[in-house]
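The values are calculated or read from the model by the stated rules, or taken from the named source; none is laboratory data. Owing to the predicted nature of the structure, the values given are computational and were not obtained by experimental measurement. Counting neighbours? That spans all protein chains shown, and the Cβs are built from the backbone with ideal geometry, glycine included.
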Amino acid sequence: MNKTYLFISDIHLGLQSKEIEDKKERLLVKFLEFAKDNCDELFIAGDLFDYWFEYKRVYQKGFFRTLTALQNLTEKGIKVHYFIGNHDFFHKDFFESEIGVNLYHDGQEFILNDKKFFIGHGDGLVKNDLGYNILKKLLRNSFTQWLYGLLHPDLGVGLASRTSRSSRDYTTKKDYGEEDGLLDAAKSKIDEGYEFVMFGHLHKRCFTKYKNGYYINLGSWIDKPCYGIFDENFEIIDWK
């Protein structure tokens, strides 16, 4: 019997005004409550938060409803897979030890209902983005994060928020050329034998067939909230 898998990506909690974020989080929590009764596993393909910085004994204020809803999923026995994105990568062990979520820093292979999936956020795979790739290595360096952790949480989280906004503005304004670099990366993975390749990051909804496989991007909840579902077939569904 096939299992049911649900997928979301690029929610960017904390991005907009408090009023907009409150509505977006309530919408997300309703989805997570839906997921609790309608799936076996949930995949989050990066940038659940617009910024996230976690200290050894402190995690940032806010998003309590989301964290509780995720814990409710894992306590019911539903596996939650969370791929760290380019905006929410300052993680330590809170999600794994306290909530029971599986964290991934890079793309991973999964066999879902006998189909071969490759899932990741996709940052670092876009062509013509050398500057970001250098910055990514710097910011994800353990020593850099240790130094950052010496800052007081009020200062550290505030700086993370401003840095995240600058990063998003850079990504939004940068001209990556006419080709979708993630589509090219997905084609390479399909050539390797994957039947489904899922990325986030570019906020461009896409469900494209290539040879014997499919490239999937769920866009973002900033523009149009949706989720992916896979049991016998894959489908993208608007969440209202």
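Observations, loosely collected:
- Options L6, L42: the member that is in contact with a His (Cβ under 8 Å, 6 or more places away or on another chain) and in a strand (DSSP E or B): L42
- Any hit, the range 4-20, residues being touching a residue at least 12 places away in the same chain (Cβ under 8 Å), over 15 Å from the mean Cα position of the chain (by Cα) and closer than 28 Å to E109 by Cβ: yes
- Filter result for D106 (modelled with pLDDT under 95 and under 23 Å from R26 (Cα atoms)): no
- Residue selected from the range 51-62 under the condition within 22 Å of D22 (Cβ to Cβ) and out of contact with any helix residue (DSSP H, G or I) (no Cβ under 6 Å at 6 or more places or on another chain), by the criterion modelled with the lowest pLDDT: K61
- For the range 78-100, filtered to residues that are farther than 24 Å from M198 by Cα and part of a loop (DSSP other than H, G, I, E, B), the residue that is modelled with the highest pLDDT is D93.
- Subset tally (residues that are modelled with pLDDT under 95, of a type in the set (G, A, S) and under 19 Å from L103 (Cβ atoms)) for the range 1-31: 1
- A search for C-beta distances below 7 Å between a residue of the range 23-41 that is in contact (Cβ under 8 Å) with a residue 12 or more places away in the chain and buried (at least 19 other Cβ atoms within 10 Å of the Cβ) and any residue that is among the polar types (S, T, N, Q) and not in a helix (DSSP H, G or I), counting only pairs 6+ apart in sequence or on different chains, returns C39/T4.
- Qualifying residue in the range 51-71 (condition: in contact (Cβ under 8 Å) with a residue 12 or more places away in the chain, of a type in the set (A, V, I, L, M), assigned to a loop (DSSP other than H, G, I, E, B) and crowded, with 20+ Cβ neighbours inside 10 Å): no
- Hey, L48 on the phi < 0 side of the Ramachandran plot, crowded, with 21+ Cβ neighbours inside 10 Å, of a type in the set (A, V, I, L, M) and in contact with a helix residue (DSSP H, G or I) (Cβ under 6 Å, 6 or more places away or on another chain) or not: no
- Residue list for the range 103-126, filter: in contact with a Lys or Arg (Cβ under 9 Å, 6 or more places away or on another chain), part of a strand (DSSP E or B) and over 14 Å from F7 (Cα atoms): E109
- Test result for F34, modelled with pLDDT of 95 or more and aromatic (F, W, Y): yes
- Of the strands (runs of 3 or more DSSP E) contained entirely in the range 172-219, those carrying at least 2 residues that are on the phi < 0 side of the Ramachandran plot, of a type in the set (S, T, Y) and at pLDDT 90 or above fall at 206-210, 213-217.
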